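**Q** Pasting a structure below so you can have a look.
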Amino acid sequence: MSAKQGAKPEDWVAVCQKFNDDVSRVCDASDVQGYTGLFECFDDANTKFYYLVDEDQDLIRLKRKQFRENLGLD
């Protein structure tokens, strides 16, 4: 697994919004330095895109908050 040649870091929150939060974690990315997970995202035409993500504490908090909001807990 490796990043696409010439790929630039993107704000993960903006990526999630671009894909209407239709994102899911596929696997660990421990073999790629600087990243912890591989995510797949789907656009409106159901086309699949992959993103390497560094899951820091802010992202973990955001995922937890989004999960709780989806359950109607916040």
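Each reported figure results from applying straightforward, stated rules to the coordinates on display, with no laboratory input. Keep in mind the model is a prediction, meaning the values are calculated, not measured. Cβ atoms come from the backbone with ideal geometry, glycine included; neighbour counts cover every protein chain shown.
**Q** Positive end of the dipole of the stretch 12-70, charges at C-beta (+1 Lys, Arg; -1 Asp, Glu), about the Cα centre: which of V23, Q33, I60 has its Cα farthest in that direction?
**A** In the stretch 12-70, that residue is I60.
**Q** Using a Gaussian network model of the chain whose springs link C-alpha atoms within less than 10 Å, name the residue from A45, A14, A29 with the highest mean-square fluctuation.
**A** Checking each option, the largest mean-square fluctuation is seen for A45.
**Q** Need the full-extension length gain, Y50 to D21, defined as separation in residues times 0.36 nm minus the C-alpha distance. One decimal, nm. Could the numbers behind the result be given before it?
**A** On the way: separation 29, 0.36 × 29 = 10.44 nm, distance 1.36 nm.
Additional length available on full extension: 9.1 nm.
**Q** Continuing with this model, one more query. Evaluate the charge dipole of the stretch 12-70 about its Cα centre and quote only its size in Debye, nearest 20, assuming +1 on the Cβ of each Lys and Arg and -1 on the Cβ of each Asp and Glu.
**A** Numbers: 8 positive and 12 negative charges, 51 e Å.
I would put it at about 240 debye.
**Q** With each run of n ≥ 4 DSSP H residues scored as -39500 (n - 2.57), what mean residue ellipticity at 222 nm is computed for the chain after dividing by its residue count and rounding to the nearest 500 deg cm²/dmol?
**A** Working: 2 runs with 21 residues, N = 74.
Here the helix-only value at 222 nm equals -8500 deg cm²/dmol.
**Q** On average over all directions, what projected area in square nanometres does the stretch 12-70 have, based on the convex hull of its Cα atoms? All intermediate terms of the calculation are to be shown ahead of the outcome.
**A** Numbers: hull surface 16.7 nm².
The orientation-averaged projected area of the Cα hull of the stretch 12-70 comes to 4.2 nm².
**Q** Shifting gears a bit: What FRET efficiency comes out for Q5 versus D58 if R0 is 22 angstrom and r is the Cβ-Cβ distance? Round to the nearest 0.05.
**A** On the way: r = 28 Å, r/R0 = 1.26.
About 0.20, to the nearest 0.05.
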